[in-house]
1. Would you pick out the residues in the range 128-142 that are over 15 Å from Leu248 (Cβ atoms) and either within 16 Å of ligand 1 (Cβ to nearest atom) or at pLDDT below 95 (or both)?
2. Let me spell it out: the conditions are (1) in a loop (DSSP other than H, G, I, E, B); (2) crowded, with 17+ Cβ neighbours inside 10 Å; (3) away from ligand 2 (no atom under 15 Å from the Cβ), and Glu127 meets all of them except one. Which number is the exception?
3. Leu89 is checked against (1) away from ligand 1 (no atom under 14 Å from the Cβ); (2) at pLDDT 95 or above; (3) in contact with a strand residue (DSSP E or B) (Cβ under 9 Å, 6 or more places away or on another chain) and fails just one. What number does that condition carry?
4. Which members of the range 135-166 meet the condition of being assigned to a strand (DSSP E or B) and more than 17 Å from the chain's Cα centre (by Cα)?
5. Any idea which of (1) within 16 Å of ligand 1 (Cβ to nearest atom); (2) touching a strand residue (DSSP E or B) at 6+ places or on another chain (Cβ under 9 Å) is the one Asn34 doesn't satisfy?
6. Among (1) more than 16 Å from ligand 2 (Cβ to nearest atom); (2) outside the structural domain of Ile261 (by TED's automatic domain parsing); (3) buried (at least 17 other Cβ atoms within 10 Å of the Cβ), which single condition is Ile112 missing?
7. Might you let me know whether the range 192-210 holds any residue that is buried (at least 17 other Cβ atoms within 10 Å of the Cβ), in a helix (DSSP H, G or I) and at pLDDT 95 or above?
8. Restricting the search to the range 82-124, which residues are over 18 Å from the mean Cα position of the chain (by Cα), over 18 Å from Val17 (Cα atoms) and outside any helix (DSSP H, G or I)?
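The values are calculated or read from the model by the stated rules, or taken from the named source; none is laboratory data. Worth saying up front: this structure is predicted, and the values here are computed from it rather than measured. Cβ placement follows ideal geometry from the backbone for every residue including glycine, while neighbour counts extend to all protein chains displayed.
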Amino acid sequence: MKVLAIESSCDETSVAVLEDGREVLSNVIATQINTHKKFGGVVPEVASRQHVEAINVVLKEAIDEAGVDLSEIDLVAATKGPGLIGALLVGLSAGKTIAMSMNKPFVGVNHIVGHVCANYISFKDLEPPFIGLIISGGHTYLIEVNDYVDFTLHGRTQDDAVGEAFDKVARSLGLEYPGGPIIDRLAKEGKDTIEFPRVMIKENNYDFSFSGLKTAVLNYLNSKRQKGEEIVKEDVCKSFEEAVVDVLIEKTFRLANEKNIDKIVLSGGVSANSRIREAFNERAKDEDKKIFYPELKLCTDNAAMIGSAGYYLYKAGKVDKENFANPNLGLD
Ligand code: KG4
Ligand code: ZN
């Protein structure tokens, strides 16, 4: 089954063609990051306009690169939420229009589920059940993936998403948007010398909170600046990163042990972080668990992951007839 997939929930316009949910024939991504950099974050209206400009070009490129004709497509999938409403509408309308005009089925996909499914592309033998940790710019969820289309939500952030904390800390250090990859790089040269809080680590639940950690970093920086003391950016990055890693690991492994599940699957933009990957792998060795995370290109937003999720939804007969854009779509 050939799936044409479209992703436009935030600042990437992406179109992919997949064979049977796991084989990528093309995955074209047009990023708007350079446009939003000068504003220090994504400007929704600018994002919508850029999606409109990019969508047809990206679509054509994806079809050409896959070496298929539109008439050979069996299913069209597009992100229906969560995300920026104007941005979502561009990809969703394009997807529905193609499906309708070609008389093909259409499936609207939850972007968060898409992130998890990126792993099915990177690991051809990976199958549920597993524990899923989704860490991106907008989302932080700890779930049990019972089946391709069935999830149990165990925890989520109560305030900022992990990636949001990375980006805000980076901004306060005067680093460019998106700050996650820059913090990743600087932290490698830093020392874990500053004691930042491990918020909610001991609490008897699977929720997270990153806004307190972000505030602690900002307070540290303000106090240093007021006293005229030197700020070692690398050490701030490393200490912040370790505080994030500790809570993510503690809660994820606790859930995996409670449920007696040995596969832990990371996804979302922040799963590109090299220290997070390393720390999960180290802990997994001690506890006899297996860690999965997608190849770098599939960690951040892309249409291939949406195609994979769309394929499994369609196969399970879980096709929502209405498919309205929903900026606040969650996992519950
Ligand atoms: O999944 P994604 O592309 O978009 C959302 O669905 O939100 O994630 C983007 C987020 C940004 O916050 C970015 O700073 C973060 O992923 N990110 C990273 C790294 N690469 C991207 N954070 C930490 N370390 C990285 N290497
Ligand atoms: Zn995303």
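1. Correct list: Gly137, Gly138.
2. (2)
3. The failed condition is (3).
4. The answer is Asn146, Asp147, Asp150, Thr152, His154.
5. If we test Asn34 against (1) within 16 Å of ligand 1 (Cβ to nearest atom); (2) touching a strand residue (DSSP E or B) at 6+ places or on another chain (Cβ under 9 Å), just (2) comes out false.
6. (1)
7. No, the conditions are met nowhere in the range 192-210.
8. If the condition is that a residue be over 18 Å from the mean Cα position of the chain (by Cα), over 18 Å from Val17 (Cα atoms) and outside any helix (DSSP H, G or I), then no residue fits.
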